[in-house]
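What follows draws every value from the coordinates through simple rules; no lab data is involved. Since we're looking at a predicted model, the values are computed, not measured. Glycine also receives a Cβ, built like all others from the backbone with ideal geometry; neighbour counts cover every protein chain displayed.
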Amino acid sequence: MTVEQPDLAEHYSELAAEYDEHWVYGPEYIPWMSARIAEALSLSSADRIADIGSGTGLFAREVARIVHPDQPILCVDPSEAMLRQLSTPSSPGLTPILASAEDIAEERTRLPYEALDAVWLKESVHHVTDPGATLRGLAQRLVPDGRLLVVMLPATIQYPLFRAALERFEELQPDPADVVGHMEHAGLQARLFYVEHELRLDRDKYIAMVRARYMSLLSTFSDSEIKKGIDEMRATHPEPVLVFPDRFAFVLGVRQGGKR
């Protein structure tokens, strides 16, 4: 079955104002994930850092608090509505860059830094049309020994979504092993590992997130399909608190020393 792809610009424009609310599963989630990103990339205050597909800067803001970078973290996103939520005056460690991953990879957008020490993409690689070419271009913007991290959901998930959504996820989600291959073809030394965090969410809160289409995947469903799916979720999960694992694949690539 061919799935019609959502209008991502429209999706994120509509979601922008409430994006942080939908993504903050609980008070510990953002600090936990941000710490894992900083740890995987071995970030230091001297690094020139970019968050590609940053959205509202949820994770970049927390990484900046952890790392205290000497230069602002570049928050790169193609959605102007999402970047407006950065609240830059209260987040001096962040600089918004209106651009796509492809714009950065193909050097169509000029960055304030000549090269980058560390780059991450969190749950945005599935939006890239040609991941091999884009990751290769991003790798070329790294300094020798620079690091590129792709954080993505695995090929299957255990979210308490309705069955059609879970099946469509498996149909559309890239395989982390393929991302490893793309990084290796880009000349990076790559490795794949997984991290997991247990989520405990009020069922009504999670249903509201699904109704708001907090995952871009859910934008491939019509209003009536979402309503039917929510009815299914209510029947399948009568418990007031949903407990499920949030498991992520971390694909880390390191550029070997040498001339850029």
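Considering only A46, P154, P144, the residue lying farthest towards the positive end of the dipole of the range 8-255 is A46, judged by Cα position with unit charges set on Cβ. The GNM of the chain, with springs linking C-alpha atoms under 10 angstrom apart, assigns the highest mean-square fluctuation among P112, P238, P69 to P238. For L199, the residues whose amide H sits under 5 Å from its own are F244, D246, ignoring neighbours fewer than 5 places away on the same chain, with H placed 1.01 Å from N. Normalised by the number of residues in the range 120-260, the mean separation of alpha-carbon contacts (under 8 Å, six or more apart) gives a relative contact order of 41 percent. Here's how it looks for L74: its modeled amide H is under 5 Å from those of I49, A50, D51, T95, which are all 5 or more places away or on a different chain. Enter the Cα centre distance for the pair the range 104-119 and the range 206-246, rounded to the nearest angstrom. Cα centroid to Cα centroid, the span is 37 Å. From helices alone, the chain scores -10500 deg cm²/dmol at 222 nm; the rule is -39500 (n - 2.57) for each run of n ≥ 4 DSSP H residues, then divide by the residue total. Mind putting a number on the dipole of the range 8-255 about its Cα centre? Charges go on the C-beta only, +1 for Lys and Arg and -1 for Asp and Glu, and I need it in Debye to the nearest 20. In debye, rounded to 20, the range 8-255 gives about 220. Between E239 and R211, the distance separating the two model label sites (each 7 Å from Cα on the Cα→Cβ line) works out to 2.3 nm.
Taking the Cβ-Cβ separation of I230 and D130 as r and a Förster radius of 35 Å, what is the calculated FRET efficiency to the nearest 0.05? The formula returns an efficiency of 0.50 here.
Summarising the amide proton neighbourhood of G146: residues at separation of 5 or more, or on other chains, whose placed amide H is nearer than 5 Å comprise R255. Computed about the Cα centre, the dipole magnitude for the range 37-123 is approximately 300 debye when only Lys and Arg (+1) and Asp and Glu (-1) carry charge, each at its Cβ. For the range 8-255, the share of DSSP beta bridges that are antiparallel, to the nearest 5, is 55%. If you run the Gaussian network model on the chain, springs between alpha carbon atoms under 10 Å, then out of S42, S124, S222 the most flexible one is S222.
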